[in-house]
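Right, one structure below, let's go through it.
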Amino acid sequence: MIVVTGATGNVGRALVQALARAGEKVTATSRRVSAADLPDGVQARPADLTDADGLRPVLDGADALFLQNGGADAHLLDPGQILDAARDAGVRRVVLLSSQGVATRPESASHGGVGRAIEEAVRGSGLDWVILRPGGFDSNAYAWAESVRALRTVAAPFGDVGLPTVDPDDIAEVAAATLRENGHAGQVYELTGPALSTPRQRAGALAEALGEPVRFVEQTRDEARAQLLRFMPEPVAETTLAILGEPTPAERRISPDIERVLGRAPRTFADWAHRHVAAFR
């Protein structure tokens, strides 16, 4: 059995579907998961990653674990306790969804420090481990959905700065492969899209998917910062703006790892936009 944490998120939801299609026995867990969220045959077990003891019954009988890194609550996790619970339950393999920022922003408490501690716990767990480090997600464009629906407008800072954003479905497919296949233990995979794309170009891809013009409005850094602070702590907002506005060469690098694992090129942002265009209509 494979336990998928963060099962209602952009990656977790797609991963559960991929594993179910492959015929795997899957238990999906998140704080508010229910059977209505899941394919037929997948077991829903609500649990909270910040409560390691509460995860123990969810992990019973599992041999593999997909561990989401906690997102905004990462600083509240005790990864050692989670991994102890997994090992006690008989789990032999753990695949961690980490972040590119662990390597590219090691000085950042929000991106590097907490994420590095979780990675170190996984490395020292005694389990077969794989670490996935994606860059920015294509699905971050959902933040534009309301303004595109109402005004056919995208507002974003750093309109002409390109990053190789990655499709969450590609992350999920890599996770599924590393959970199911041998030969990946001890690997760290950096996951990116196939090309650099700018916010202005991504707005254009949404327009093409919609078949209607979408106006791009470039925000100032201060405007973007104020918007980010509505839903993330200041240190996270500052690091996010630094990545978006002044990415390092490593953050702009196009990784071969998706193609290496899946045997095909990663999907483009335009692919993502066409599959999810209903959210922007």
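The values are calculated or read from the model by the stated rules, or taken from the named source; none is laboratory data. Because the structure is a prediction, the values reported are computed rather than measured. Note that each Cβ is placed from the backbone with ideal geometry, even for glycine, and that neighbours are counted across all protein chains shown. Surface accessibility is based on the protein's heavy atoms, side chains included, excluding ligands, DNA and RNA. Shrake-Rupley method; radii C 1.70, N 1.55, O 1.52, S 1.80 Å.
Before moving on, here are some points about what is shown:
- Percent accessible area from carbon and sulfur atoms, the chain, protein chains only, probe 1.4 Å: 48
- Cα-projected label distance for residue 107 with residue 150, points at 7 Å along beta-carbon direction, nm: 3.9
- The phi torsions of the stretch 222-238, fed into the Karplus equation with coefficients 6.51, -1.76 and 1.60 and a -60° offset, translate into couplings of 5, 4, 5, 4, 4, 5, 5, 5, 5, 9, 9, x, 4, x, 5, 4, 5 Hz, rounded to whole numbers, with Gly and Pro shown as x.
- Sites count as exposed loop sites when they are GluC sites (Glu not before Pro), lie in a DSSP loop, and have at most 16 other Cβ atoms within 10 angstrom; the longest stretch of the chain without one is 1-106.
- C-alpha center-to-center spacing [the stretch 163-179, the stretch 12-63] in angstrom: 18
- Take every DSSP beta bridge whose two residues both sit in the chain; close to 5 percent of them are antiparallel.
- Taken about its Cα centre, the stretch 1-43 carries a charge dipole of about 120 debye when Lys and Arg each add +1 at the Cβ and Asp and Glu each add -1 at the Cβ.
- Taking 40, 63, 167 and ordering them by how much accessible surface each has at a 1.4 Å probe, largest first, produces 40, 63, 167.
- Rolling a 1.4 Å probe over the heavy atoms of the protein chains gives the chain an accessible area of 45 Å² per residue.
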